[in-house]
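This report refers to the structure that appears directly beneath it.
The values are calculated or read from the model by the stated rules, or taken from the named source; none is laboratory data. On a predicted model such as this, the values are computed, not experimentally measured, just so you know. FYI the Cβ positions are ideal-geometry reconstructions off the backbone, even for glycines, and counts take in every protein chain you see. These accessible areas exclude ligands, DNA and RNA; they are computed on the full protein's heavy atoms, side chains included. Shrake-Rupley method; radii C 1.70, N 1.55, O 1.52, S 1.80 Å.
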Number of protein chains: 2
Amino acid sequence: MSNSVSDVIEYYLKQNLNESRSGEIEIKRNELADLFQCVPSQINYVISTRFTIEKGYFVESKRGGGGYIRIRRVCLDDEAEHFVDCLNQIGQSIPQVTAEHLITRLLESRMMDRREALLMKRLISRETLQLPVHLRDQVRARMMRMLVTTLFTNRGE
Amino acid sequence: MSNSVSDVIEYYLKQNLNESRSGEIEIKRNELADLFQCVPSQINYVISTRFTIEKGYFVESKRGGGGYIRIRRVCLDDEAEHFVDCLNQIGQSIPQVTAEHLITRLLESRMMDRREALLMKRLISRETLQLPVHLRDQVRARMMRMLVTTLFTNRGE
DNA sequence: TACAAAAGTCAAAGTTAGTCAAAGTCAGCA
DNA sequence: TGCTGACTTTGACTAACTTTGACTTTTGTA
């Protein structure tokens, strides 16, 4: 399934990450590029397309002598801020438009895919809920909180 | 039977699908076009006319270096009937356990993925809805109908 | 400070696959 | 015959993803 060099490098890095007990690996860009016979900047490409924060990775690096690239798999603690932000915005009651914006942001930050976002927007709509405004906004808030909690604790793939 | 190039390609692909233990094959569009001496876009034609979701196939692809077209056989007999069956089962009101069973069946038939099923089960739960029983079962029914409709009309994102 | 040794950036080139509409084929029928 | 409509074939154009390399920035050390 993995045909491109980028895919192979991605697999290699994730393999190493899984084997490291600390959930963190440190590489030398040039050494890796050498190992996979590619230009050093391809390592940057792989990292920027496959090890993004949205996908649950945090990357640090340092240039110069003794430089490195460190990749860490982030767990809930590191995302807690974003997670809490979302929950705070939702509160105990949320109108449809606000919820729709939040869903769009979650989609844009790759926390959900298009189908999930579409489904979610339909589920929290006035038409689906068909309840008095006050009650409707409260049910919608509980649904949104459940969405965010699920997204943050059960990452796809 | 017929022996148009498209028919030959269709036969070739289905043959390969049958032989693959995983029920899934991966091809390179250009290689196939080369093999059958046709333009690459004819592969798209064959796929779009013979490997539709209605006929029980799910197709994914990726462009660029290492690109591919992946065809998977999905086990679903008669689409429309299944869709209508689901809607009938839901009706205007549905209790939590019944809805959960339906979600599990949708998951098993690959209409949804694990995370979507998990999310959906949480969304339709007593805890999330927190409404009087009769109202709750009605809201749940509308949510389930929306789920099924979305799944059947918005295949794979 | 100067230099060397890292890593970063960015855009061009390369590699696939997708879309769409025009043209071609063929069978059935008035 | 020759028309019609469904299906197939073709290719120009588009979109998405990857690879490459020239140039830049940062950092440690002599």
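At a glance:
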item: Hits in region B:117-157 - residues which are at the interface with chain A (Cβ under 9 Å from one of its Cβ atoms), under 20 Å from B:Thr52 (Cβ atoms) and at pLDDT below 85; result: B:Thr149, B:Thr150, B:Asn154, B:Arg155, B:Gly156, B:Glu157
item: Exclusive hit being closer than 25 Å to A:Leu151 by Cβ and modelled with pLDDT under 90, set A:Glu54, A:Glu24; result: A:Glu54
item: Test for A:Ser48: is it within 24 Å of A:Val74 (Cα to Cα) and free of Cβ contacts under 8 Å to residues at least 24 places away in the same chain; result: yes
item: First in region A:121-133 and of a type in the set (Lys, Arg), second anywhere and modelled with pLDDT under 80, Cβ under 7 Å, 6 or more apart; result: A:Lys121/A:Glu100; A:Arg122/B:Thr150; A:Arg126/A:Gln96
item: Search result, residues across region B:9-65 that are within 22 Å of the chain's Cα centre (by Cα) and polar (S, T, N, Q); result: B:Gln15, B:Asn16, B:Asn18, B:Ser20, B:Ser22, B:Asn44, B:Ser48, B:Thr49, B:Thr52, B:Ser61
item: Long-range neighbours under 7 Å by Cβ, at least six apart or interchain, first residue under 18 Å from B:Thr52 (Cβ atoms) and more than 14 Å from chain A (Cβ to nearest Cβ) within region B:2-31, second open to solvent by 80 Å² or more (accessible area, probe 1.4 Å) and of a type outside the set (Phe, Trp, Tyr); result: B:Asp7/B:Met1; B:Leu17/B:Arg73; B:Gly23/B:Arg73
item: Failed criterion for A:Met120 (all others in (1) open to solvent by 50 Å² or more (accessible area, probe 1.4 Å); (2) part of a helix (DSSP H, G or I) hold); result: (1)
item: Residues located in region B:23-52, provided they are open to solvent by 80 Å² or more (accessible area, probe 1.4 Å), more than 10 Å from DNA strand C (Cβ to nearest atom) and within 17 Å of B:Tyr68 (Cβ to Cβ); result: B:Leu35
item: Members of region B:125-141 that are surrounded by 17 or more Cβ atoms within 10 Å (Cβ to Cβ) and in a loop (DSSP other than H, G, I, E, B); result: B:Ser125, B:Leu131
item: Those residues of region A:53-70 which are out of contact with any Phe, Trp or Tyr (no Cβ under 9 Å at 6 or more places or on another chain) and near DNA strand C (Cβ under 7 Å from one of its atoms), in sequence order; result: A:Arg63, A:Gly64, A:Gly65, A:Gly66, A:Gly67, A:Tyr68, A:Ile69
item: Qualifying residue in region B:98-112 (condition: modelled with pLDDT of 90 or more, over 20 Å from the mean Cα position of the chain (by Cα) and farther than 27 Å from A:Met111 by Cα); result: yes
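Here's the yes/no breakdown for (1) within 11 Å of chain A (Cβ to nearest Cβ); (2) open to solvent by less than 70 Å² (accessible area, probe 1.4 Å); (3) within 16 Å of DNA strand D (Cβ to nearest atom):
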position	(1), (2), (3)
B:Gly64	yes, yes, yes
B:Arg70	yes, yes, yes
B:Arg73	no, no, no
B:Asp85	no, no, no
B:Gln96	no, yes, no
B:Arg105	no, no, no
B:Arg115	yes, yes, no
